[in-house]
Structure formats: C-alpha cells, structure tokens
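For reference, the structure is listed below as structure tokens.
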Amino acid sequence: MKQLHELAEDLYRCIRCGSCTAVCPVYSEVKREMGVARGRIRLVREHLDGNLDLSATMRNYLDLCLGCRACVVSCPPQVPTDRIVRAARAEYAVRQGQPLVRHLLLHNVLNKPERFSLALDSVKLVRSAGLNRLFPKMLEAKEDLLPELPEQTFREMLKGLKLKKGAEKVGFFLSCMDDNVFPQVIIKAINILEELGYEVVIPTDVVCCGAAHHNYGDLGNARQLARRNIRAFAGAGVEVILTDCASCGSTMQSYGELFVGEKEEGEAQDFSRGVMDLNVFLQDKLVAGSQPLGVTVTYHDPCHAVRYQNIKEEPRKVLAAVGVKLEEMAEADRCCGGGGTFNIFHYQLSMKILNRKIENVRKTGASILATSCPACRIQLAHGLKRHGQTLKVVHPVELLAEFYGKGE
Amino acid sequence: MQDRSLVSSLQTAVGRENVLTKKEDLICYSYDPTPNHHLPEAVVIPGNIDEVTQVMRLAYAAGVPVTPRGAGTNISGSSIPVQGGLVLAMHRFDRIIEIDTANLCAVVEAGVITAEFQSRVEALGLFYPPDPQALNMSTLGGNVATNAGGPRGFKYGVTRDYVLGFKMVLPDGRVLKVGGKTVKNVTGYDLTKLFVGSEGTLGVFTELTLRLIPLPESKRTMLAVFDDILAAARSVSAVIAAKIIPTTLEYMDQEAMRLIEAFAPSGLPVDSAAAVLIEVDGSERVVPFQIEQIGEVCRREGAREIRIALTEAEANQIWTARKAAFSSMARSAPTLYVEDVTVPRSKIPEMVKTISELAAKYQIKVPILGHTGDGNMHPIILTDERKPEEIGRVKQAIDEMFKAALAMGGTLSGEHGIGLDKVKYMEWELGTTGVDVMRRIKQALDPRNLMNPGKVLPTEAEE
Ligand SMILES: Cc1cc2nc3c(=O)[nH]c(=O)nc-3n(C[C@H](O)[C@H](O)[C@H](O)COP(=O)(O)OP(=O)(O)OC[C@H]3O[C@@H](n4cnc5c(N)ncnc54)[C@H](O)[C@@H]3O)c2cc1C
Ligand code: SF4
Ligand code: SF4
C-alpha cells in the first residue's frame with residue numbers, strides 16, 4: 001500500500017471543483033467542507049506542505065470518511081480520496097497509535113476468530129439476561145445494530161456437514177460476519193455450488209480478511225492477517241476463492257498491494273487474482289427456471305462491490321435467474337452508511353445516511369431487500385427495524401437456493 | 001480569531017456550533033477552484049435572515065471583512081477571504097419556500113443547490129433554464145451572485161433573466177427587498193440588475209424569487225464535424241440566419257477531442273478541426289424538422305459529417321463525450337485555468353486563431369471549448385501551479401488573450417465573473433469612468449469596504 005507522501009502527486013491533482021460535494025453521503029448530512037473529499041484532501045495537503053501537524057481534529061475529520069468512493073468515481077481528475085484517507089490514517093497509527101476502543105477492536109477482537117465469536121457470545125448473554133435494557137439509550141441503539149444471532153456459528157455447523165466431492169474444486173472464504181451471524185448464507189452457497197457440480201473447499205484456519213485494519217491504517221496487523229489467509233489456501237488446490245462478502249472480496253483483492261516490494265508480493269498477487277465475488281462466479285452458470293418466485297425484490301449495491309470491484313450487473317443477473325421481479329430503488333449504489341465500523345463510531349451520522357437509503361428502499365414497495373455484503377445487511381436490517389419496515393434482507397444466493405428448492 | 005469578544009457575540013448570534021475557528025476548519029474554507037487561497041479568521045454559518053443581519057452588524061461595527069460563500073465552485077477566486085475576516089457560509093439556507101405554478105415563479109433560499117431546484121420544478125412540468133455546468137453542486141445564491149450562465153444561455157439567457165426579486169442583507173445589516181412575483185416591474189431604478197452578478201460585494205442574498213417557464217416537450221441532439229473552424233463558424237451563423245435558435249451550440253476543438261478520446265473514448269473524430277454539439281428543443285412536431293434542417297445547413301456550409309441522434313441513448317452518448325471534456329483535461333494536468341473570454345459571434349474564428357497562436361508562443365497547452373451561439377469561449381489552460389516559470393508564461397498569455405478579445409469588441413468574462421483574478425483588467429474594459437461609477441456604487445453601500453473586499457473592483461492603489 002502506498003504511503004502518504006507517495007500519494008502527494010494524486011493529492012495535488014484535486015482541482016477543488018466541488019463535484020464530490022454532490023455525491024458524498026457524509027457531506028449531504030453534515031454540509032461542511034471538512035466532511036467531503038475536497039476538504040479532507042486539502043487538510044492532508046497542508047500537512048504534507050508542512051503547514052499542519054497531524055492534529056486530533058484532522059484525525060477526527062478524516063475518520064468521518066466512509067471510504068465509499070462515491071467521490072472518486074465522479075471526480076474529474078479521479079483523485080483516490082479513499083486511498084489518501086487510509087494512508088493518512090496509517091500515518092497517524094504509526095505516529096500516535098490507535099485510539100483505545102479502536103485498538104481493542106482491531107487487536108483483540110477482529111484479530112482472532114474465537115475472540116470475535118466470544119464477543120458476539122457476550123452480546124447474546126447480555127441479551128438473554130435482559131441486561132441490554134439497562135444500557136444507556138445510545139448504547140442500546142448501537143447494540144441493536146446486531147441482529148438476532150444464530151444458535152451455531154458456521155464453524156460449529158461444519159463439523160456435522162458432509163461436503164460433496166466434485167469434478168472441479170472451488171475455494172470458499174469463511175468471513176467472520178457470515179460465520180458468526182449469517183451461517184445460512186454459506187450453507188446455501190454450498191448447496192448451490194454443489195448443485196452446479198463443484199466441490200467446495202472451506203479452510204477453517206482462515207482469519208479476518210483485515211478490512212477494518214486496512215481501513216484504519218493498522219497495516220502491521222493487516223499484513224499478518226493476509227499472510228495467514230494466503231497460507232490457509234496454499235494447499236487447497238483451488239484457483240478461485242469465492243466470497244459472499246463484498247468487503248472481504250475487495251480487501252483480499254488488494255493483498256497484492258500490501259506486500260509491494262516484499263518477498264511475498266508474487267504469492268499475494270496470485271491470491272488476490274483468485275478472489276471472486278460469488279455473484280460474479282454464478283452469473284453465467286445459471287439457467288432460468290420455469291417457476292418464478294412471485295416476489296418483488298430490490299437490490300442495494302455495496303460500495304465494496306460496485307465501486308471497488310466494479311460489480312453491478314452480476315447480482316442482478318443472479319436475481320433474474322431466480323425469476324423475481326427486480327424493482328430498482330433510487331440511488332441503489334449510494335452508501336448505506338455502514339462503512340465497516342463507521343456505524344459504531346459515528347452512530348448518529350450513520351443513521352442519518354441510512355434514513356435516506358431506507359426511504360429509497362421503502363418507495364420501491366418491494367418485500368425483499370437483497371444485498372451482497374453482511375456489513376451492509378446488518379446496517380440495512382437495523383434501519384428497516386428503526387423505521388418499522390418489514391422487508392426481509394437476504395443475499396441473492398439465498399433466493400437462489402429457495403428457487404432451486406434448497407431452502408429450509 | 002484575535003477578537004475573542006467578537007467570536008463570542010457571533011456565537012450568541014448564530015449558535016456556538018455555527019462559528020468555526022479551528023485552524024483545520026479555516027483551511028477548509030480558504031480555497032476555491034482557482035489556485036488562490038487565504039485563511040479566514042472565522043467561518044460563520046447563519047440559519048436565517050435575522051442571524052445574517054446580526055452577523056453583518058457585528059462585523060461592520062468591528063471593522064471585520066465578510067465574504068459570502070455558496071458552494072465555493074466559482075472559477076474566479078471570488079469566494080476567497082483574501083483579507084481574512086469572516087466567511088459567511090450559506091448552505092443552511094436550503095429551503096425551497098414555494099413553487100407558484102399559477103404565477104410561474106418560485107421563492108427559494110439562497111443556499112438551495114441548483115440541480116435540486118431544477119429537478120423539483122421539472123417534476124411539475126416547469127423549467128428553470130440557467131445551467132452552469134457546476135449545477136450539481138452550485139447554489140442558486142452563488143449563481144445569482146455570479147450571474148451564471150451555461151450551454152442553454154443562447155436560447156434561454158442567463159441567471160439574470162430569471163431573477164424577479166430577492167431579499168438581501170446589506171453590509172450595514174439592513175434588509176433590502178427588491179422586486180416580487182411580477183414579470184413587469186419598473187418602479188424606480190432596476191436594482192435587480194445591479195445586484196445580480198455583484199459577487200458578494202454589495203450584500204448577502206438570503207431569498208430569491210425566480211422566474212419559471214413551461215418545460216419544453218422534447219429535444220433532439222446532433223454532432224456536426226468540421227475540417228476547418230471557419231466552416232464551423234459559418235454554419236452557426238447560417239443556422240441562426242435560418243431563424244432556428246438551438247438551445248445549445250457547444251464547440252470542441254481538436255485538442256479537446258484528443259484529450260477526451262485519450263481518457264474517455266467516445267468515438268469523437270479526432271482528425272477533424274472541430275465539432276459542434278447542437279441541441280434544439282420545443283414542441284414534438286417541430287423539433288424533428290429543425291434538427292434535419294440544421295443538419296442540411298451545416299452540410300451546405302462545409303460540415304464533413306453530421307451525426308443526428310435517433311434515440312435518447314445516442315443523444316446521451318454525444319453529451320457524455322462533451323461532458324467528459326472537463327474531466328479529461330483535469331486528468332491531464334494538475335492545474336486548470338478555465339477562462340471565458342467572450343467575443344461577438346462573427347469573431348469566433350479570429351479568437352480561436354489568436355488563442356492557438358498564443359499557445360504556441362508561450363508553449364502552453366490550451367484546448368478550447370465554447371458556447372458558440374453567444375461567442376462565449378472557454379480556452380482551458382493546462383498547467384501546474386507548482387511551476388512558477390510556467391505560470392509566468394500562462395499569465396502573459398492570458399493578458400494578451402484579454403487584450404485581443406477587447407480589441408474584437410468582446411468582454412473579459414461571459415459568465416464566470418471578475419472575482420480576484422480579473423480585477424486588474426477591469427479598467428481595460430470599462431475605462432476610468434466605468435470603474436469610477438462602479439466604485440461610487442460600492443462606496444455608497446459599503447463605505448468601510450468590508451463586503452468581500454478585493455473583488456471585482458481594483459483598489460485605488462492598484463490602478
Ligand atoms: C466544473 C465547473 C463548471 C462550471 N461551469 C460554469 C458554467 O458553465 N457557467 C458559469 O457561469 N459558471 C460555471 N462555473 C462556475 C460556478 O459554478 C458558478 O460561478 C456558480 O454560480 C458559483 O456558485 P457557488 O454557489 O459555488 O458560489 P461560490 O463560489 O461560493 O461564490 C461565488 C460568488 O458569489 C458570492 N456569493 C455566494 N453566495 C452568495 C449569497 N448568498 N449572497 C451574496 N453573494 C454570494 C460569493 O461571495 C462569491 O463572490 C463552473 C465551475 C466549475 C467548478
Ligand atoms: S471532485 Fe475531485 S477534484 Fe473536485 S474537489 Fe472533489 S476531490 Fe477535488
Ligand atoms: S469516500 Fe465517500 S465518504 Fe469519503 S469523501 Fe468520498 S464520498 Fe465522502
């Protein structure tokens with residue numbers, strides 16, 4: 001990954017035209033210049049020019065970036081604001097470390113699968129004991145971000161699962177979120193892949209993809225995690241590594257960049273090239289059936305799919321194969337405000353951004369909201385609940401499974 | 001800000017959270033798209049006209065300059081607080097107060113985003129034509145303050161033609177109300193025209209009454225390709241002589257097309273000298289005939305190729321290419337000087353020739369776009385603000401370009417305004433009497449010279 005000073009050339013290309021103000025989800029709520037690419041870039045530029053220290057205020061402003069890349073795609077000179085913000089955060093991390101809560105999250109929770117499960121288990125415990133009602137109002141709302149947790153994680157389920165042999169092997173990356181929160185998505189993905197004749201290989205010694213570490217500039221841990229995931233797939237004998245999580249997908253596709261100039265570079269690049277979103281893999285392998293599901297679905301494009309991986313038509317093709325009626329919402333590719341952990345650290349602002357998304361969803365009249373990233377899914381479900389909406393949120397592959405009669 | 005007591009009075013006036021004084025905040029309000037920049041001492045974000053009044057009174061009493069700011073998209077340096085003081089950020093004025101379909105007008109607050117307003121009125125079958133190409137981000141207050149215009153200007157005019165009235169807070173804090181919902185109004189001096197385009201130097205717009213017209217039924221788009229620019233200019237004149245007034249006559253020269261093709265390939269004829277994007281709008285029955293007729297006129301005048309869009313998708317494709325021009329230029333150089341010299345239409349070929357000669361003489365790259373209908377040319381100088389020697393050449397070229405435009409009976413600025421960058425040329429165009437009259441108006445309204453000082457008019461010392 002490029003360091004901040006290496007991005008100076010990109011940074012100077014900002015012509016301050018303000019086009020980003022028209023598309024930035026944060027700006028449209030805060031309406032202040034430090035809440036948009038133009039301001040963030042200027043702050044970093046003043047820092048590189050020696051006019052501004054890496055101040056706490058600047059750090060707060062940079063933290064208000066979702067990394068959604070809406071600004072980048074509409075920026076005339078295509079200034080990579082998301083990269084600049086990440087590189088600046090990395091610089092802060094090196095010089096000042098991480099703020100305490102974030103440190104705990106990055107080092108102690110997200111780093112180890114068992115810790116992540118443990119953290120979620122404690123959520124379960126708190127809930128079952130009714131302790132959450134004792135939380136102050138704000139905290140309660142945040143705790144509410146997490147949906148009902150399943151009885152078993154996927155890792156636990158896997159022990160009782162018999163994976164089929166097949167002519168061709170594909171790898172499947174076990175994301176923390178799906179493992180712990182949405183194991184049914186993985187089960188259904190496996191069903192579909194097996195139905196299509198593939199043998200699914202799921203290494204269980206994988207760890208968090210490192211998206212949050214990447215995002216908050218904790219590059220040491222990001223590399224550590226990347227190495228372990230690369231190693232986990234080393235002996236699997238697969239060329240393609242599928243994922244049903246847009247954030248994991250785009251993060252793992254950038255492993256190559258994490259090791260530029262280092263001895264692992266080649267291996268990391270090979271790994272990154274193999275990573276593929278499940279929708280992309282499935283889109284041309286499906287045959288439309290004769291009995292369409294009689295439901296109306298609308299689709300939310302995760303930032304990490306549509307603007308990091310250029311995935312737009314593929315999930316729609318999957319939905320078309322299912323035979324649902326797709327009712328496009330306005331601004332389908334506008335960020336939901338989840339931003340990985342943005343919704344935890346900036347709850348109020350995140351909810352404002354989410355309100356607009358939910359309103360767009362509501363206007364479609366759909367009964368199902370599909371999306372391909374568990375982080376968006378959690379955020380969207382939270383928003384629907386806040387607004388008393390009853391839509392179900394699913395991954396396209398779940399509808400597909402239902403269609404193939406592989407639902408529960 | 002040095003003056004702590006002023007800061008605390010401002011906080012009382014607009015609320016603590018709406019007065020920004022941290023260095024990081026000030027940096028974020030120190031720039032606009034030009035290379036100019038200067039830190040304000042505070043950013044004040046008022047929420048209603050009373051708050052603006054209080055801020056102006058406080059600032060005037062303290063002798064502190066005030067620079068109004070909409071979206072900060074002007075390309076003349078006019079929203080930069082060059083003398084420090086306060087930046088008055090107007091984005092909280094974001095309400096569309098009324099769309100009056102019976103009287104074909106609307107009342108809006110000054111901070112409403114242009115495109116948002118347009119889509120609201122278009123949903124009602126109405127039309128607000130002024131279309132500065134920054135309309136997705138610019139504010140209506142900024143548009144009125146700069147008298148912004150755009151491609152549709154040739155047929156529909158510019159912002160000024162749609163301002164029926166406004167509310168403004170004067171530098172001393174008094175509220176001025178001008179005009180109203182009537183199209184006809186000859187009560188006294190025409191203050192509307194005076195204040196439109198005043199670039200924040202005479203007061204702060206808070207509310208605007210804007211004229212609307214019915215939305216045209218349909219439109220058609222074509223691209224005419226030419227091997228020489230004279231033929232292009234002749235065609236434009238011939239189209240107008242044939243009594244057709246297109247909405248849009250957008251000129252692109254060869255260099256501009258090459259840049260577009262390099263960054264966003266869209267099938268433009270890069271071996272031709274120029275292409276003109278032409279659009280007509282109006283009733284569904286007339287428009288198809290007009291576009292054919294324009295095609296014939298252009299062919300007769302020597303167009304090498306005519307591409308008439310048959311479907312909406314084809315029309316979008318032509319527009320996408322034109323719209324990619326700016327981003328292609330932005331991708332090819334870190335600094336752009338977007339000029340907007342304007343000459344009588346008949347002088348366009350001569351102006352184009354002058355610009356290319358200047359580009360060669362000063363060894364700079366200057367692709368040209370332009371609204372050929374009204375002679376408004378956009379030579380865009382591609383450069384790098386970090387290279388002082390090159391910027392020196394750029395400035396010399398701009399000097400000569402303005403001289404040439406004025407000699408042809410043209411003007412310094414068709415739509416972007418004077419701001420900071422063109423102040424020194426004001427007397428070239430207006431003469432001493434012209435500048436003097438303007439200065440007296442300014443002094444009458446702003447005797448302490450605190451309202452966006454340093455813009456539009458040269459200070460006496462600068463002459
Ligand atoms: C990519 C791009 C394309 C553009 N294309 C065009 C074009 O085609 N045609 C065109 O005319 N311009 C164009 N512009 C310039 C710019 O969009 C216009 O000048 C626009 O009107 C500025 O609006 P704003 O809200 O950004 O105002 P600002 O830039 O914030 O301010 C501009 C001036 O208006 C004053 N001002 C702002 N609000 C108020 C208020 N409420 N009361 C009093 N004074 C106020 C400011 O003090 C300043 O002097 C373009 C700019 C860009 C970046
Ligand atoms: S759109 Fe790009 S160039 Fe324009 S202000 Fe934003 S970051 Fe800068
Ligand atoms: S990445 Fe998203 S949140 Fe960050 S500045 Fe760009 S548009 Fe705004």
Can B:Arg152 be described as within 14 Å of another protein chain (Cβ to nearest Cβ), more than 26 Å from B:Leu457 (Cβ to Cβ) and in contact (Cβ under 8 Å) with a residue 12 or more places away in the chain?
-> no
With respect to B:Leu457, is the statement that it is in contact with a Lys or Arg (Cβ under 9 Å, 6 or more places away or on another chain) and either in a loop (DSSP other than H, G, I, E, B) or outside the structural domain of B:Ala145 (by TED's automatic domain parsing) (or both) true?
-> yes
B:Met351 passes all but one of the listed conditions (1) crowded, with 23+ Cβ neighbours inside 10 Å; (2) away from chain A (no Cβ under 14 Å); (3) farther than 17 Å from B:Ala273 by Cα; the exception is number (3)
In the range B:326-344, the residues that are outside any strand (DSSP E or B) and facing chain A (nearest Cβ under 10 Å) | B:Phe326, B:Ser327, B:Ser328, B:Met329, B:Ala330, B:Arg331, B:Ser332, B:Ala333, B:Pro334
Answer with yes or no whether B:Ile229 is closer than 30 Å to B:Cys105 by Cα and among the β-branched types (Val, Ile, Thr).
-> no
Within the range B:20-50, restricting to residues that are acidic (Asp, Glu) and away from chain A (no Cβ under 11 Å), the one that is nearest to B:Pro65 (Cα to Cα) is B:Glu41
Among the residues of the range B:153-163, write down those that are buried (at least 23 other Cβ atoms within 10 Å of the Cβ) and not in a helix (DSSP H, G or I).
-> B:Val158, B:Val163
The range B:135-152, residues that are open to solvent by 10 Å² or more (accessible area, probe 1.4 Å) and modelled with pLDDT under 95 = B:Arg152
All positions within the range B:205-217 that are modelled with pLDDT of 95 or more and open to solvent by 10 Å² or more (accessible area, probe 1.4 Å) = B:Phe205, B:Glu207, B:Thr209, B:Arg211, B:Ile213, B:Pro214, B:Leu215, B:Pro216
Selection from the range A:222-280 of residues among the β-branched types (Val, Ile, Thr) and under 20 Å from A:Ala87 (Cα atoms) yields A:Thr251, A:Val260
Write out, first by first residue and then by second, each pair whose Cβ atoms fall under 8 Å of each other, whose residues are 6+ apart or on separate chains, and whose first residue, in the range A:298-309, is within 17 Å of A:Leu369 (Cα to Cα) while the second is open to solvent by less than 10 Å² (accessible area, probe 1.4 Å) and among the charged types (D, E, K, R).
-> A:His300/A:Lys357; A:Ala305/A:Asp277
Answer yes or no as to whether A:Pro76 is within 11 Å of ligand 2 (Cβ to nearest atom) and either facing chain B (nearest Cβ under 9 Å) or within 24 Å of A:Asn355 (Cβ to Cβ) (or both).
-> yes
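Okay, residues lined up against (1) surrounded by 21 or more Cβ atoms within 10 Å (Cβ to Cβ); (2) acidic (Asp, Glu); (3) assigned to a helix (DSSP H, G or I); (4) at the interface with chain B (Cβ under 9 Å from one of its Cβ atoms):
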| site | (1), (2), (3), (4) |
| --- | --- |
| A:His5 | no, no, yes, no |
| A:Arg16 | no, no, no, yes |
| A:Thr21 | yes, no, yes, yes |
| A:Tyr27 | yes, no, yes, no |
| A:Glu46 | no, yes, yes, yes |
| A:Leu54 | no, no, no, no |
| A:Cys68 | yes, no, no, no |
| A:Cys71 | yes, no, yes, no |
| A:Arg86 | yes, no, yes, no |
Output for the range A:281-310, where each listed residue is among the β-branched types (Val, Ile, Thr) and within 16 Å of the chain's Cα centre (by Cα) | A:Val306
Counting only residues that are farther than 11 Å from A:Tyr299 by Cα and assigned to a strand (DSSP E or B), how many does the range A:390-408 have?
-> 1
Which residue, of B:Leu202, B:Leu176, is within 14 Å of ligand 1 (Cβ to nearest atom) and open to solvent by less than 30 Å² (accessible area, probe 1.4 Å)?
-> B:Leu202
The range B:38-57, residues that are over 21 Å from A:Gly35 (Cβ atoms) and buried (at least 23 other Cβ atoms within 10 Å of the Cβ) | B:Val52, B:Val55, B:Met56
Please list, ordered by first then second residue, the pairs with beta carbon atoms under 7 Å, 6 or more apart or interchain, first in the range B:315-331 and more than 10 Å from ligand 1 (Cβ to nearest atom), second among the small types (Gly, Ala, Ser) and in a helix (DSSP H, G or I).
-> B:Ala325/B:Ala256; B:Ser328/B:Ala262
Among the residues of the range B:82-114, how many are part of a strand (DSSP E or B) and either within 12 Å of another protein chain (Cβ to nearest Cβ) or modelled with pLDDT under 95 (or both)?
-> 3
Mind checking which helices (runs of 4 or more DSSP H) fall wholly inside the range A:174-241 and carry at least 2 residues that are over 18 Å from A:Gly340 (Cβ atoms)?
-> A:183-195, A:219-234
Does B:Glu284 satisfy the criteria of being out of contact with any Cys (no Cβ under 9 Å at 6 or more places or on another chain), under 16 Å from B:Pro151 (Cα atoms) and outside any helix (DSSP H, G or I)?
-> no
Every residue from the range A:29-44 that is in contact with a strand residue (DSSP E or B) (Cβ under 8 Å, 6 or more places away or on another chain) and more than 10 Å from every other protein chain (Cβ to nearest Cβ) = none
Could you grab me the full set of residues in the range A:263-279 that are open to solvent by less than 40 Å² (accessible area, probe 1.4 Å) and aliphatic (A, V, I, L, M)?
-> A:Ala268, A:Val275, A:Leu278
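The values are calculated or read from the model by the stated rules, or taken from the named source; none is laboratory data. These numbers were taken from a predicted model, which means no experiment stands behind them. Note: ideal-geometry Cβ built from the backbone for every residue, glycine included; neighbour counts use all protein chains shown. What goes into the accessible areas is simple: the full protein's heavy atoms, side chains included, and nothing from ligands, DNA or RNA. Shrake-Rupley method; radii C 1.70, N 1.55, O 1.52, S 1.80 Å.
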